[in-house]
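Trainee: Attaching a single structure in structure tokens format; questions to follow.
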Amino acid sequence: MGQRVWIKRALMLVMVATVAACAGGGRQVSVDDATSPQQIIAMADEQVARRKFRQAGDLYLEVERLYPYTVEAEFAVIQAAKAYQAGKKRIESRASAQRYIDYYPAGEYAALAHYLVALSYYDQIVDVGRDQENTFQALQALRIVLERFPDSEYAALAEPKFTTALNQLAGKEMEVGRYYLKRGQFSAAIGRFAVVVADYGETPHRPEALLRLVEANLSLGLLAEAGRASALLAAEYPDSRWNSAAQRLISGGR
């Protein structure tokens, strides 16, 4: 009988969902399938008010687990992503936001979900001397927000971040290009600088990239290619120091 009682209790533990979240003063908040989704959301909101974002996110997700495919579940999943983001739990925020996208791709909060995915990467962008995978991922996610939800408030928030991420990636290309240029690996350098000019548009790095293309092509004796880069630089940035330097190089290379 003792064995059966133990098994019965174990099964009950599996069937009844319990989430413990510190609610202040040592009190524990427990939810199960007898707790309404509205009650769980209210408990999670209270945790947000207390700035206990991880606990709030965990509680919000209980709504989806206990009441899947409901209006409350859809709302709670995006609220979880917001709470985790506020608590700098970026992996958890991204997972919740992506879950929303997967289950509710045309949902009311789809634009916000995509923006939170982008933000989870954007907040981890590091200086150009290090790996830029997060920058690349942020750029792709921000592009989705801008292209799919151009009239949303999140597009307005995404636009300056997209520009920053784009500049960051262009800066990384420039850093690598300069590395090759200094070591006389001119073809490799040209490849990097050409990408900045062709693929990254009007970033602050564009005029220098054109100058470096002049320099690298002249070093290889490619006068026509150097001339084209110099002409483009003169047309776009006639009064810049980069154009002045390019013209001096061109004059010396003739």
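Just so it is clear, none of the values below were taken in a lab; they were calculated from the coordinates. Quantities reported herein were computed from a predicted structural model and do not represent experimental measurements. Every residue, glycine among them, receives a Cβ derived from its backbone with ideal geometry; neighbour counts consider all protein chains shown.
Trainee: When the C-alpha atoms of the chain are aligned to their principal axes, what extent does each axis show, in angstrom, from largest down?
Mentor: 98, 42, 33
Trainee: Then there is this: Tell me the angle of helix 2-15 to the major Cα principal axis of the chain, expressed in degrees between 0 and 90 and rounded to the nearest ten.
Mentor: Tilt of helix 2-15: around 50 degrees.
Trainee: Mind listing the phi-derived Karplus ³J(HN,Hα) values for the range 190-197, rounded to whole Hz, using 6.51, -1.76 and 1.60 with θ = phi - 60°, and x for any glycine or proline?
Mentor: 4, x, 5, 5, 5, 5, 4, 6
Trainee: A further question on this structure: Please list the non-local residues whose amide H lies under 5 Å from the amide H of Ser240, H modeled 1.01 Å from N, same-chain partners needing a gap of 5 or more.
Mentor: none
Trainee: Among Leu61, Leu211, Leu142, which one moves the most in a GNM of the chain with springs linking Cα atoms closer than 10 Å?
Mentor: Residue with maximal mean-square fluctuation among Leu61, Leu211, Leu142: Leu211.
Trainee: Separate question: Assuming a strict under-23 Å limit between Cα atoms, what lysine pair count do you get for the chain once near-sequence pairs (fewer than 8 apart, same chain) are dropped?
Mentor: Lysine pairs meeting both conditions in the chain amount to 8.
Trainee: Something else now. Over the range 212-254, one equal point on each Cα, no solvent: what is log10 I(q)/I(0) by the Debye formula at q = 0.25, 0.28, 0.30 Å⁻¹?
Mentor: Debye output, listed in q order: -0.75, -0.92, -1.04.
Trainee: Taking neighbour counts of Cβ atoms within 10 Å as a proxy for exposure, in what order, fewest first, do Glu173, Glu159 appear?
Mentor: Lowest to highest Cβ neighbour count: Glu159, Glu173.
Trainee: A follow-up question, please. Please label the shape of the range 89-198 as rounded, prolate or oblate, based on the square roots a ≥ b ≥ c of the eigenvalues of the alpha-carbon gyration tensor (a/c under 1.5 means rounded; beyond that, a/b larger than b/c means prolate, else oblate).
Mentor: prolate
Trainee: Explain nothing, just the number: dipole magnitude of the chain about its Cα centre with +1 on each Lys and Arg Cβ and -1 on each Asp and Glu Cβ, in debye rounded to the nearest 20.
Mentor: That gives a dipole near 980 debye.
Trainee: If you don't mind, another one. Between 0 and 90 degrees, rounded to the nearest ten: what's the tilt of helix 206-219 against the longest Cα principal axis of the chain?
Mentor: So the inclination is approximately 50 degrees.
Trainee: Quick check: the angle from helix 53-66's long axis to the longest principal axis of the chain, C-alpha only, nearest 10 degrees?
Mentor: The two axes meet at around 60 degrees.
Trainee: Right, another one. Relative contact order of the chain, please, whole-number percent, based on alpha carbon pairs below 8 angstrom and at least 6 residues apart.
Mentor: Worked out over the chain, it gives 8 percent.
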